[in-house]
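Novice: First the structure, then my questions, so here it is.
Derivation of every value follows stated rules applied to the coordinates shown; laboratory data play no part. Everything quoted here is computed from the prediction, not taken from an experiment. Here the Cβ is made from the backbone with ideal geometry for all residues, glycine too, and neighbour counts use every protein chain on show.
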Amino acid sequence: MKPFIIKPIGKDLYTQLQHKINAKTKPLGALGDLEEIAIKIGQIQCTETPILTRPTIIVFAGDHGIAQEGVSAYPQEVTFQMVMNFLGNGAAINVFCNQYGIDLKVVDAGVNFDFSEHSNLINAKIAKGTKSFLREPAMTDSECGEAINKGAEICSEIHKNGSNIIGFGEMGIGNTSAASLVMSKICNLPVSVCVGRGTGLDDEQLKNKIDILEKAAKVHEVSRPLEILRTYGGFEMAMMYGAMVKAAELGMVVLVDGFIATSVFLVANAIHSEIMDYSIFCHQSDEHGHARMLEFLKVKPILKLGLRLGEGTGCALAYPVIKSSVAFLNEMASFESADVSQKE
């Protein structure tokens, strides 16, 4: 696996950016969180006039062996069926990306299905799904490393094509179970606190899911972040990790989606804490545990809409707000330029 080197963002511009914002024709702090977002993007890009180019969301798809253990309300074939829906332009993420002019890339990271060639599908399949972590680690060392490297390569290609802001979505039946155990291990929380209803479990199914995951948590004694990812994660999660860390290394703005993506971010942040400088948290998912993840990271999301869909939909919906932060920074008049009297 290739090493990643993320540079901390320069803090030198903070004062200039804050001064520029304070001079706008508004009361101090009146644009709230937009002001913080504008400062962060300016610092990432090392300029007082940042721009956002070719916004992109990658949806990584992969199947999970744990899905065969009865932790999901949906059968595993829904993973490939939803990938077909993405390719057919019929999913929520397609609608939002089309609406806001966001490029969408769909990646087969490890779906248990043989897809035909498609212009909108990137074939990066590691294997047809992971192993069941109730019995053995989900991935081997080589599989996990290969997935991470492929994620980084895909991100590099997107950056090369002109994108400087990127979000990450996922599709994989069983991946809320994987994310719950990653959260439990990284945040040092009981499994029961981390597990939610996923695709819509009833009370009895939820209890069964918690029982299974508590057993799985005891099967493997792992503590190092990448070992946790390899043991419990999916190919789509390992690939997302590689892309997420590479994006920060390349100086891109990193958009973090919901429960699954934040679990991947937990791993990335535990290894490369500098990634926080480049990251914007797009929404608070309604999936049980996501609020606790955000609290653990001490971050504030842009939106709270009760979403629990995945696919990167939170990133797409937050993008117009992020775009607005850059627009006001660049285009809003100052008191001096508009000849408006300031507060005495």
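Novice: In deg cm²/dmol and to the nearest 500, what is the mean residue ellipticity at 222 nm of the chain if only DSSP H runs of at least 4 residues count, each as -39500 (n - 2.57), divided by the residue total?
Specialist: Here the helix-only value at 222 nm equals -14500 deg cm²/dmol.
Novice: Among HIS159, HIS19, HIS272, which one shows the highest mean-square fluctuation when the chain is modelled as a Gaussian network with alpha-carbon springs under 10 Å?
Specialist: Greatest mean-square fluctuation among the candidates belongs to HIS19.
Novice: Could you tell me what percent of the DSSP beta bridges with both partners in the chain are antiparallel, to the nearest 5?
Specialist: 5 percent
Novice: Cα to Cα, under 13 Å, and not fewer than 8 places away if on the same chain: which aspartates and glutamates meet these conditions relative to LYS300?
Specialist: Once the sequence-local aspartates and glutamates are set aside, what remains near LYS300 is ASP33, GLU36, ASP257.
Novice: Who wins for biggest fluctuation among ASN89, ASN164, ASN112 in a Gaussian network model of the chain, springs between alpha carbons below 10 Å?
Specialist: Comparing ASN89, ASN164, ASN112 in the GNM, the peak value goes to ASN89.
Novice: Using DSSP H assignments, which helices in the chain have an axial alpha-carbon span of 18 Å or above and a mean Kyte-Doolittle hydropathy of -0.5 or higher?
Specialist: 32-45, 235-249, 259-271, 313-331
Novice: Among 60-66, 129-135, what's the highest-first ranking by average C-beta atoms within 10 angstrom per residue?
Specialist: Top to bottom by mean Cβ count within 10 Å: 60-66, 129-135.
Novice: So if we plug the beta-carbon distance of ASP103 and VAL321 into 1/(1 + (r/R0)^6) with R0 = 30 Å, what FRET efficiency do we get, rounded to 0.05?
Specialist: Efficiency, rounded to the nearest 0.05: 0.95.
Novice: Only Lys, Arg, Asp and Glu count, each charged at its Cβ (+1, +1, -1, -1), so figure out the dipole size of the range 56-323 about its Cα centre, rounded to 20 debye.
Specialist: Dipole size: approximately 480 debye.
Novice: Gain in length, LEU28 to SER142, computed as 0.36 nm per residue apart minus the alpha-carbon separation, to one decimal in nm?
Specialist: Result for the pair: 35.8 nm of gain on full extension.
Novice: May I pose another question? Report, in listed order, any pair from LYS40/LYS150; LYS7/LYS160; LYS26/LYS304; LYS150/LYS304; LYS150/LYS185 with a Cα-Cα distance greater than 22 Å.
Specialist: Those over the limit are LYS40/LYS150; LYS26/LYS304; LYS150/LYS304; LYS150/LYS185.
Novice: With springs only between Cα atoms under 10 Å apart, run a GNM on the chain and tell me which of ALA216, ALA248, ALA261 wobbles the most.
Specialist: ALA216
Novice: Quick one: length gained pulling THR15 to GLU117 fully straight, 0.36 nm per residue minus the C-alpha distance?
Specialist: Gain on stretching THR15 to GLU117: 31.7 nm.
Novice: When a footprinting reagent is the concern and you count Cβ atoms within 10 Å, what order do MET1, MET244, MET183 take, fewest first?
Specialist: The order, fewest Cβ neighbours first, is MET1, MET183, MET244.
Novice: Another question about this same structure. Along the positive direction of the dipole of the chain (beta-carbon charges: Lys, Arg +1; Asp, Glu -1; about the Cα centre), which of GLY129, SER119, MET139 reaches farthest?
Specialist: MET139
Novice: Counting pairs of alpha carbon atoms under 8 Å apart in space and at least six apart in sequence, what relative contact order in percent does the chain give?
Specialist: 25 percent
Novice: Now for a different question. Counting other C-beta atoms within 10 Å, which of ASP108, ASP211, ASP12, ASP141 has the fewest, and how do the rest follow?
Specialist: With the sparsest Cβ surroundings first, the list reads ASP12, ASP141, ASP211, ASP108.
Novice: Using alpha carbons only, how many angstrom separate the centre of the range 246-299 from the centre of the range 71-118?
Specialist: 22 Å
Novice: Within 10 Å of each residue's Cβ, count the other Cβ atoms and sort TYR74, TYR241 from fewest upward.
Specialist: Taking fewest neighbouring Cβ atoms as first place, the list is TYR74, TYR241.
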